[in-house]
1. Return yes when residue B:82 is buried (at least 20 other Cβ atoms within 10 Å of the Cβ) and modelled with pLDDT under 90 and no when it is not.
2. Could you check segment A:56-79 and list, in sequence order, the residues that are surrounded by fewer than 18 Cβ atoms within 10 Å (Cβ to Cβ) and near DNA strand C (Cβ under 9 Å from one of its atoms)?
3. Mind counting the residues in segment B:117-143 that are closer than 17 Å to residue A:30 by Cβ and touching a residue at least 24 places away in the same chain (Cβ under 8 Å)?
4. Where residues in segment B:53-63 are more than 12 Å from DNA strand D (Cβ to nearest atom) and either touching a strand residue (DSSP E or B) at 6+ places or on another chain (Cβ under 7 Å) or free of Cβ contacts under 8 Å to residues at least 60 places away in the same chain (or both), which of them is farthest from residue B:131 (Cα to Cα)?
5. Within segment B:8-15, does at least one residue satisfy the condition of being buried (at least 19 other Cβ atoms within 10 Å of the Cβ) and more than 9 Å from DNA strand C (Cβ to nearest atom)?
6. Modelled with pLDDT of 95 or more, within 11 Å of DNA strand D (Cβ to nearest atom), crowded, with 16+ Cβ neighbours inside 10 Å and outside any helix (DSSP H, G or I): does that describe residue B:32?
7. Quick check on residue B:129: is it touching a strand residue (DSSP E or B) at 6+ places or on another chain (Cβ under 9 Å), buried (at least 22 other Cβ atoms within 10 Å of the Cβ) and more than 9 Å from chain A (Cβ to nearest Cβ)?
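The values are calculated or read from the model by the stated rules, or taken from the named source; none is laboratory data. On a predicted model such as this, the values are computed, not experimentally measured, just so you know. Every residue, glycine among them, receives a Cβ derived from its backbone with ideal geometry; neighbour counts consider all protein chains shown.
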DNA sequence: GTATGTTTTGAACACATGTTTTAATAAATA
DNA sequence: TATTTATTAAAACATGTGTTCAAAACATAC
């Protein structure tokens, strides 16, 4: 009665999560109906409520498995790739992993997660998760976004010689993260315009230019960060 | 029959647009119901269809008047404030106007427009406007966003000595724009967390720190842009 | 005051959506 | 095999939504 199938390897359960992830990443939570999801997963409409209690329960599960499978692994990759290198190279590694996940649709999990974040950022789900007093967005933010951002802050802090929670550091980190998100967003946006708008086209931001994007954001950011670091001694309080 | 009340100063019509603007800017087009809008505007449910044919027609009108009233005026302000100044100061003026509009909720029109852009960016309205073959997002993008971005490209082009449609220029412009959007977004996002998350709080990005944000983005970006400009001669093709 | 055109109103319609229910089917267990 | 449990299936329910319609209220001009 009060219990239902849990996190085991129930087959249709997994298919539902996968279908929901794909569809919700593309259109957002609210714009996808349970019926669509079930159709794609080859399951009955009632399956969602059977396995997840509600649509929101499914959504929570989508986030949960996506965070577990991707975020932490991506985070690990970032740390791994930067290990032993200079702060500059660490930053480059961070930007690389970030941009590759966001821009490159081949890496589906990271790409989907990026899209989900985008949706949830502009129209957060306000309903609290059942049994908890926290919303999905709060959960996702604290478990998925914040850790990454804090790592970036530490990294930037090293570069400019400030604590990680200093305003300067945070602003710089936001500047860097903002660029990554912008490039990912630009790519998605320009998709809707074929073949290109006013001379500059979709291709500038598409996957084939990932390396170039990485190089640009890195150089741009390193210069910005250094300028802020230098400011410290030039500017009077 | 085929005609209906047009752009005149019909009172309730104006009230509907205003209410719709406010609500849609806050929650997005889809999450606001006609009934909510009419309630806020003190009008009957049928009023929307009477004046705008459909909900989408109202939405289009919201964009139209917002773009006319704000975008062009903001754009004019940008050009005005930078007139006769150095490219550096022009950039500072651009960032100032941009950030003030996005972050400062006092300037409602600009703020609302920023929110609408955010919503429409992550979940674009796909239905074409009646009578046109273009979507709202296409219209808004070309009339509202692109002109501003192109101006920014020209400005950056001057700074780094490249054409406005050069890849380098566009990347730099995107880096700058991305920062502005990030700071606006961060402020909105952190609103949902009280009073602050993991040590760095909402206040870092709130209106009271606008001047600081402007200064940061400007210095960070100028340094970044200069680095890219210098690259030009260092890097071999 | 009557007539005409405009605006407002309240109810109804049509439809999509999340959810629940009840029965049928498959799987597991005794 | 008999019985219980887990899963699937189809239909129905409840609700919210965009939209339409016909009548009423209002304003204006003759």
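1. In short, yes.
2. Within segment A:56-79, A:56, A:57 meet the criteria.
3. Total meeting the criteria: 6.
4. Of everything passing the filter in segment B:53-63, B:62 is farthest from residue B:131 (Cα to Cα).
5. Step one: filter segment B:8-15 for residues buried (at least 19 other Cβ atoms within 10 Å of the Cβ), giving B:13.
Filter again for more than 9 Å from DNA strand C (Cβ to nearest atom), leaving none.
Checking segment B:8-15: not a single residue is buried (at least 19 other Cβ atoms within 10 Å of the Cβ) and more than 9 Å from DNA strand C (Cβ to nearest atom).
6. Details: modelled with pLDDT of 95 or more: yes; within 11 Å of DNA strand D (Cβ to nearest atom): yes; crowded, with 16+ Cβ neighbours inside 10 Å: yes; outside any helix (DSSP H, G or I): yes.
Considered against the rule, which asks whether it is modelled with pLDDT of 95 or more, within 11 Å of DNA strand D (Cβ to nearest atom), crowded, with 16+ Cβ neighbours inside 10 Å and outside any helix (DSSP H, G or I), residue B:32 comes out as yes.
7. On the way: touching a strand residue (DSSP E or B) at 6+ places or on another chain (Cβ under 9 Å): yes; buried (at least 22 other Cβ atoms within 10 Å of the Cβ): no; more than 9 Å from chain A (Cβ to nearest Cβ): yes.
It is false that residue B:129 is touching a strand residue (DSSP E or B) at 6+ places or on another chain (Cβ under 9 Å), buried (at least 22 other Cβ atoms within 10 Å of the Cβ) and more than 9 Å from chain A (Cβ to nearest Cβ).
One line per residue, one yes/no per condition, for (1) touching a helix residue (DSSP H, G or I) at 6+ places or on another chain (Cβ under 9 Å); (2) in a helix (DSSP H, G or I); (3) more than 16 Å from DNA strand D (Cβ to nearest atom):
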{"residue": "A:12", "(1), (2), (3)": "yes, yes, no"}
{"residue": "A:23", "(1), (2), (3)": "yes, yes, yes"}
{"residue": "A:44", "(1), (2), (3)": "yes, no, no"}
{"residue": "A:51", "(1), (2), (3)": "yes, yes, no"}
{"residue": "A:66", "(1), (2), (3)": "yes, yes, yes"}
{"residue": "A:77", "(1), (2), (3)": "yes, yes, yes"}
{"residue": "A:89", "(1), (2), (3)": "yes, yes, yes"}
{"residue": "A:113", "(1), (2), (3)": "yes, yes, yes"}
